[in-house]
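The values are calculated or read from the model by the stated rules, or taken from the named source; none is laboratory data. Everything numeric in this text was worked out from a predicted model, so none of it was measured. Here the Cβ positions follow ideal geometry from the backbone for every residue, glycine too, while neighbour counts run over all protein chains shown.
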Amino acid sequence: MNKLEITKWLKETDASKLAELYEKANKIRFENVGDDVHLRGLIEISNCCCRTCGYCGISAINSKLTRYRMKREEIIECARKAVTLSYGTVVLQAGEDPGLDGKWIADIIREIKDKTPLAVTLSLGERSNEEFQLWKDAGADRYLLRFETSDETLFRKIHPPAPGQGYTNRIEILKTLKKIGYEAGSGVMIGIPGQTYETLANDILTFKELDLDMIGVGPYLPHPETPLGEEMSAGLKGENQVPNIEEMVYKVIALTRIAAPESNIPSTTALATINKATGRELGLNRGANIVMPNLTPVEYRKYYEIYPSKACIYETAEECHGCLSGRIASINRTVGKGTGSRNR
Ligand code: SAM
């Protein structure tokens, strides 16, 4: 599909045409990645952050948030739980936290790789190339870094530089990660103020161009303690502005599956937050093949508040696992075994 066709689909409102799009995406999903849904256990290891991203509730701007950083033993314990629950992957995610020492992270990666069969995915923000290399050498398999939007002007608006540094380009960082040998994952938020249909079509084409292992797309959910959240309180403006609504998320999941048939696409927690009853299942039936159950200890979860009313913040790891496995079975899909890498 070219940019014009993708843009047309993003603007489509006819329910029967959209049903055809979803059917096509679901068929392509089945033909390329099968019926398995891979579970990737998410460990939110720190909510400390030095960045001031305009959209994110854990940004340094939010002075009201209680901050935490998990201890090494707690992280290892979560990884052990992932093995008990038969997950193939753990994702270590955090704010961009300079307090997470590069060598300390490398030691944790090494310990998880030594003691478990898990694939290790990192999602720790923009770090130095030396640290990316150190973590790869320690055994990390994948790195997730959403480029958030392919519109450079909009990216600079919503993603100011780290203190004392210049603007960064996440698309270039993703290329570096791939060169180092990571399976690279990325994605965007849908409906950020200033995001047009053309921008979002470009995002989807960029996914394809980058040949990503994983592509995560979810709705932008305004957080009241952020600049973008305040801007949103006046409502989204302009006829070319993408709305942050549920249907738009399904369209983007489906179009992403069509553009990148073999990639891993999660049905995200942000989607489950706007439709707690059936969002996960609808995402899986419209192109997605991954879910990310939360392994973060319950006492920390409420503080990883990137947006309000986040789904799954009160369940234990076991409850989260039971709920998601039930949802997967209810749509006649199977829980995948192994690490679920794209080149499996
Ligand atoms: N610090 C790392 C980074 O920036 O890549 C990882 C953590 S960051 C919180 C993970 C992702 O959360 C971001 O890439 C962004 O897309 C998403 N996110 C943050 N705030 C959000 C919001 N208000 N609504 C929806 N998604 C949000």
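Remarks
- Residue check, Gly287 at positive phi and not polar (S, T, N, Q): yes
- Helices (runs of 4 or more DSSP H) fully within region 260-313 counting 2 or more residues that are among the small types (Gly, Ala, Ser): 269-274, 279-285
- Check on Ala234, out of contact with any Phe, Trp or Tyr (no Cβ under 8 Å at 6 or more places or on another chain), of a type outside the set (Asp, Glu) and without any contact (Cβ under 8 Å) to a residue 24 or more places away in the chain: yes
- Criterion (within 14 Å of the ligand (Cβ to nearest atom), crowded, with 18+ Cβ neighbours inside 10 Å and more than 15 Å from Gly125 (Cα to Cα)) met by exactly one of Gly187, Gly229: Gly229
- Flag if Lys208 is at pLDDT below 95, among the basic types (Lys, Arg) and more than 15 Å from the ligand (Cβ to nearest atom): no
- Within region 167-175, one or more residues are surrounded by 21 or more Cβ atoms within 10 Å (Cβ to Cβ) and either within 16 Å of the chain's Cα centre (by Cα) or more than 13 Å from the ligand (Cβ to nearest atom) (or both).
- Within region 212-226, the set of residues being more than 9 Å from the ligand (Cβ to nearest atom), part of a loop (DSSP other than H, G, I, E, B) and within 16 Å of the chain's Cα centre (by Cα) comprises Leu212, Asp213.
- A single entry from Tyr87, Tyr55 fulfils the requirement of being away from the ligand (no atom under 16 Å from the Cβ), closer than 30 Å to Leu221 by Cα, among the aromatic types (Phe, Trp, Tyr) and touching a strand residue (DSSP E or B) at 6+ places or on another chain (Cβ under 9 Å): Tyr87.
Residue-by-condition table, conditions (1) buried (at least 22 other Cβ atoms within 10 Å of the Cβ); (2) β-branched (Val, Ile, Thr); (3) out of contact with any helix residue (DSSP H, G or I) (no Cβ under 7 Å at 6 or more places or on another chain):
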residue: Pro266; (1), (2), (3): yes, no, yes
residue: Asn289; (1), (2), (3): yes, no, no
residue: Val298; (1), (2), (3): no, yes, yes
residue: Lys302; (1), (2), (3): no, no, yes
residue: Ser309; (1), (2), (3): no, no, no
residue: Gly326; (1), (2), (3): no, no, yes
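- Within region 232-250, restricting attention to residues that are among the charged types (D, E, K, R) and more than 14 Å from the ligand (Cβ to nearest atom), the residue that is surrounded by the fewest Cβ atoms within 10 Å (Cβ to Cβ) is Glu239.
- Any hit, region 117-137, residues being in contact with a strand residue (DSSP E or B) (Cβ under 6 Å, 6 or more places away or on another chain), crowded, with 20+ Cβ neighbours inside 10 Å and more than 26 Å from His159 (Cβ to Cβ): yes
- For region 140-155, residues that are more than 15 Å from the ligand (Cβ to nearest atom) and either more than 30 Å from Lys103 (Cα to Cα) or crowded, with 22+ Cβ neighbours inside 10 Å (or both) total 2.
- Enumeration of residues in region 104-126 that are touching a helix residue (DSSP H, G or I) at 6+ places or on another chain (Cβ under 7 Å) and of a type in the set (D, E, K, R): Glu111, Glu126
- Inter-residue pairs, beta-carbon under 9 Å, first over 22 Å from Tyr220 (Cα atoms) and in region 300-321, second assigned to a loop (DSSP other than H, G, I, E, B) and within 15 Å of the ligand (Cβ to nearest atom), 6+ apart: Tyr300/Asn47; Tyr300/Tyr68; Tyr300/Met70; Ala317/Thr296; Glu319/Cys312; Cys320/Cys312
- Residues within region 144-176 that are within 16 Å of Leu205 (Cβ to Cβ) and without any contact (Cβ under 8 Å) to a residue 12 or more places away in the chain, tallied: 0
- Residues that are outside any helix (DSSP H, G or I) and either among the hydroxyl-bearing types (Ser, Thr, Tyr) or in contact with an Asp or Glu (Cβ under 9 Å, 6 or more places away or on another chain) (or both), drawn from region 229-259: Ser233, Asn240
- Positions within region 105-133 being of a type in the set (Lys, Arg) and away from the ligand (no atom under 16 Å from the Cβ), in sequence order: Arg110, Lys113, Lys115
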